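Read through the structure below, which is laid out as structure tokens, and then see the notes.
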Number of protein chains: 2
Amino acid sequence: MSVHLRPEEIEAESFRIIDAEAGSHSWGPDQWPVVRRVIHTSADFDYARSMVFSPDAVPRALAALKAGRGIVTDTTMALSGIAKPRLERFGISVSCFVADPDVARRAREQGITRSILALRAGASDRGNGIFVIGNAPTALFELIRLVREEGLRPDLVVGLPVGFVGAAESKEALLALEHEVPEVPFITNRGRKGGSNVAAAVVNALLIMAMEG
Amino acid sequence: MSVHLRPEEIEAESFRIIDAEAGSHSWGPDQWPVVRRVIHTSADFDYARSMVFSPDAVPRALAALKAGRGIVTDTTMALSGIAKPRLERFGISVSCFVADPDVARRAREQGITRSILALRAGASDRGNGIFVIGNAPTALFELIRLVREEGLRPDLVVGLPVGFVGAAESKEALLALEHEVPEVPFITNRGRKGGSNVAAAVVNALLIMAMEG
């Protein structure tokens with residue numbers, strides 16, 4: 001029974017099953033560890049077709065992690081899902097302002113989502129370069145606005161909001177950004193699916209690669 | 001553009017889309033708010049077919065929440081995803097022992113998953129009655145063992161582990177428990193899918209119903 005496998009054996013066996021069931025694919029050798037961990041987290045092979053990487057997204061992400069660039073997440077769930085010991089190795093801070101009382105107060109006053117104001121708060125610290133959005137389309141739209149209108153140049157955008165209102169559209173806007181501001185690397189997917197767990201899985205896959213390489 | 005909707009309008013519009021696309025279904029009026037929030041969180045209509053409720057699971061879950069029974073989760077992500085203000089309303093504590101240093105040390109010594117020992121730690125406090133498992137099949141197997149062999153009688157099991165090794169099997173074991181110990185209510189699904197986000201969504205849907213009813 002699987003319950004008797006050791007933890008490291010469970011993950012290795014999971015990856016063997018994913019490799020076998022995914023069959024042949026065209027992901028690069030630095031992309032597949034990311035896609036595979038997303039499938040591992042979600043048990044959803046849709047991601048083998050829907051994920052999109054900007055050119056050189058993975059090497060640039062690894063460079064940003066090794067340089068200790070700060071991570072901002074849109075939810076405390078995504079923050080929780082990122083493996084802390086790996087962050088410590090590179091001296092990376094991770095923050096999320098969505099539960100900040102000041103953010104909540106201003107969101108109520110202005111009638112906009114807390115996610116927008118939380119993203120803006122994270123971007124105001126120039127030590128932060130890696131933006132991880134797993135829930136709120138409004139946060140991804142705001143990040144795109146900061147890039148287009150205010151000159152923000154993230155080291156990496158992990159854009160995986162989920163849902164029925166705006167999620168797919170926000171990711172299409174991120175994909176379109178490549179033509180306008182090609183120097184911003186991103187990892188995203190097409191469609192409604194995504195989530196804090198999936199976004200955290202992308203970061204964890206990159207952290208493992210950064211530790212190995 | 002959706003980004004201009006107010007937060008409460010985004011959720012209402014999402015639910016309207018889910019209701020429309022789900023079409024006719026046979027979920028009870030107290031089950032559909034749970035299934036719908038899971039779909040809202042995952043953007044995955046598979047859950048409209050795969051979720052399973054034991055008889056009276058929802059009314060019994062609402063009674064447990066209103067009685068302030070403690071919640072134990074298998075991951076800090078699931079803990080993060082549960083809406084804290086709603087817990088405060090009922091005086092419910094939520095805990096997760098997976099990052100506990102003592103749990104980590106004993107897991108290494110014994111060569112078993114931290115999830116097993118963390119679940120056991122949570123179950124040892126008789127104030128805890130609601131077990132939320134969104135990640136680790138080993139935690140759900142251990143919970144089932146505690147029910148069968150040690151007389152544990154949870155107020156509710158939210159059993160939604162995800163993955164390729166043991167997740168589906170652990171949920172089949174939970175379903176089979178109904179014949180042996182029918183007094184333990186559960187909410188689960190069939191298959192590999194699940195996750196901390198989905199498990200938290202079930203709890204949040206129940207908390208909203210408890211506040212309304």
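Some notes on this structure:
- Of all residues in the stretch A:155-170 being touching a Phe, Trp or Tyr at 6+ places or on another chain (Cβ under 8 Å) and closer than 27 Å to A:F90 by Cβ, the one that is surrounded by the fewest Cβ atoms within 10 Å (Cβ to Cβ): A:V157
- Test: residue in the stretch A:191-209 that is part of a strand (DSSP E or B), more than 14 Å from chain B (Cβ to nearest Cβ), surrounded by 21 or more Cβ atoms within 10 Å (Cβ to Cβ) and modelled with pLDDT of 95 or more: no
- The lone criterion from (1) away from every other protein chain (no Cβ under 14 Å); (2) surrounded by 14 or more Cβ atoms within 10 Å (Cβ to Cβ); (3) on the phi < 0 side of the Ramachandran plot left unmet by B:P55 is number (2).
- Qualifying positions in the stretch B:109-158 - over 22 Å from B:N197 (Cβ atoms), polar (S, T, N, Q) and assigned to a loop (DSSP other than H, G, I, E, B): B:S124
- In the stretch B:23-35, the residues that are surrounded by 17 or more Cβ atoms within 10 Å (Cβ to Cβ), free of Cβ contacts under 8 Å to residues at least 60 places away in the same chain and out of contact with any His (no Cβ under 9 Å at 6 or more places or on another chain): B:Q31
- Residue satisfying all of: in the stretch A:36-51; under 17 Å from A:A78 (Cα atoms) and not polar (S, T, N, Q); surrounded by the fewest Cβ atoms within 10 Å (Cβ to Cβ) among these: A:H40
- Test: A:E183 is in a loop (DSSP other than H, G, I, E, B) and more than 14 Å from chain B (Cβ to nearest Cβ): yes
- Yes/no for B:L156 being in contact with a strand residue (DSSP E or B) (Cβ under 7 Å, 6 or more places away or on another chain) and either hydroxyl-bearing (S, T, Y) or within 17 Å of B:A200 (Cβ to Cβ) (or both): yes
- Looking only at the stretch B:128-154, and only at residues there that are away from chain A (no Cβ under 14 Å) and under 23 Å from B:Y47 (Cα atoms), the one that is surrounded by the fewest Cβ atoms within 10 Å (Cβ to Cβ): B:I130
- Meets criteria (surrounded by fewer than 18 Cβ atoms within 10 Å (Cβ to Cβ), of a type in the set (D, E, K, R), more than 14 Å from chain B (Cβ to nearest Cβ) and under 30 Å from B:A200 (Cβ atoms)) for A:R89: yes
The values are calculated or read from the model by the stated rules, or taken from the named source; none is laboratory data. Because the structure is predicted, anything quoted here is derived from the model rather than measured. Cβ coordinates were reconstructed from backbone atoms using ideal geometry, including for glycine residues, and neighbour counts include every protein chain displayed.
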